[in-house]
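See structure below.
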Amino acid sequence: MDLNTLNKVYTDAGNTVSDLRAEMQAMAINDKVTAEEIEAKQAEVKNAVAKRDLAKENLEAYQDEVAQEALKAEKKPLTKSEETKKEAFVNDFKDMLRGKAAMVNQLNSSTDENGNAIGLTIPEDIQTTIHVLTRQFDALEGEVNVENVSTLSGSRVIESSLGMKPLENLDAEDGEVQDMDDPKLTTIKYLIKRYAGMTEVTNTLLQDTAENIMAWLTNWISKKVLVTRNQAILAELPALPKKATVSTFDDVKDMAITALDPAIASTAKFYTNQSGFAILAKLKDGNGNYLITRDPQQADVHVMEGKQVKVVSDQYFPAVAGAQPLVFGDLKQAITLFDRKQLSLRTFGETDRAARHDITQVRVIDRFDVELVDKDAVVVGSFKEVKPADTSSK
């Protein structure tokens, strides 16, 4: 099975559990339900939960396997300086887990421009590894424009691609720059936000090798970064003013042909979730040709009206009120992710829970901001069902 199939199995299993639990709630207020029926339904729920948990284990095992293969493929020998930094980071991480006074004092004195504690900053090569891992899954970060920044806030002046004026030809001997209409300029401001998550580490991790510690750390953080950044990017889509009504085969074609300026449509993609893709993939035109086909140059790429279709997990791109999402546009023009590139760690080993369970709690903070840059570069639609092409005249 591939990643999308395993993810769909997990998603479907989770939906089954939710549906069964809803049925259990209905049974609780139904006086006609017998004890035997309740017992049978409880057994059904227990079985469904076991299947869901197994599907999750299979998905995570496959993700780890794919991630490690990706790391082997992209791993480059570290320079002597990078090796030294990596070794120092691992030692500092262990000292942080142990709560050594010198490291605690160092962390307490490390703050950003706003006075917030930074913690132990993850070296750049390890951050690169983390982003390599995120690309193996449904990462949307690669779909948008990413700009690395070194300050907590700033602004950019953006000229809309619509109505952009051409440069003047000055080859004539008496050529001069003529007055032109003012360009459509927009000032985009960013403000880096902090996104944090916690996990628990058994203290036996301290006894492990540096490589195993880094493997655990990069796998955990990459999954947190993936989910967090995906959600931040998708949260920008509802604010887009261009909306499309999708209920028929021709409505999908119209999105590709007329919804966007041709200059933007030339680099645009379709985005939907797994459930939406399952509906669209079954649609045919009057000649029996499927709406979605495979790219003849890339067997694992699907296209619709000549445009690539990017399928995102239902988990990250869910249906809203039963309607599946369908987005068409160039997200690199529409959205920019401003990346502070300052992933950091902090441990908490003195809590009551940590003492009772012989663990250390680890917090990771990711620092970035996502801003909508060009509202004309994307059109947002949704659908519950799509009627096939009209074949009455055939």
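The values are calculated or read from the model by the stated rules, or taken from the named source; none is laboratory data. For clarity, every value in this text was computed on a predicted model and none was experimentally measured. Counting neighbours? That spans all protein chains shown, and the Cβs are built from the backbone with ideal geometry, glycine included.
Based on this model, can you work out whether Ala244 counts as over 30 Å from Lys341 (Cα atoms) and part of a strand (DSSP E or B)? The answer is yes for Ala244. Looking for something within 30 Å of Asn203 (Cα to Cα) and not aliphatic (A, V, I, L, M) - is there at least one such residue anywhere in segment 366-378? So far as segment 366-378 goes, yes, one or more of its residues are within 30 Å of Asn203 (Cα to Cα) and not aliphatic (A, V, I, L, M).
Checked against (1) over 18 Å from the mean Cα position of the chain (by Cα); (2) among the polar types (S, T, N, Q); (3) at pLDDT 85 or above, Thr360 meets all criteria but (3).
Of note, Thr34 does not satisfy the criterion of being closer than 27 Å to Tyr316 by Cα and either without any contact (Cβ under 8 Å) to a residue 24 or more places away in the chain or not assigned by TED's automatic domain parsing to the domain that holds Asp300 (or both).
Could you tell me which numbered condition Ala172 fails, if it satisfies all but one of (1) modelled with pLDDT of 75 or more; (2) part of a loop (DSSP other than H, G, I, E, B); (3) surrounded by fewer than 18 Cβ atoms within 10 Å (Cβ to Cβ); (4) not basic (Lys, Arg)? Unmet for Ala172, out of (1) modelled with pLDDT of 75 or more; (2) part of a loop (DSSP other than H, G, I, E, B); (3) surrounded by fewer than 18 Cβ atoms within 10 Å (Cβ to Cβ); (4) not basic (Lys, Arg): (1). The single condition among (1) at pLDDT below 75; (2) in a loop (DSSP other than H, G, I, E, B) that Ala139 does not satisfy is (1). Give the residue that is surrounded by the fewest Cβ atoms within 10 Å (Cβ to Cβ), with candidates limited to residues of segment 198-209 that are in contact (Cβ under 8 Å) with a residue 24 or more places away in the chain and in contact with a Phe, Trp or Tyr (Cβ under 9 Å, 6 or more places away or on another chain). Per the criteria, the residue is Met198. Exactly one residue out of Ser266, Ser344, Ser275 is assigned by TED's automatic domain parsing to the domain that holds Ala101, over 22 Å from the mean Cα position of the chain (by Cα) and of a type in the set (Gly, Ala, Ser): that is Ser266.
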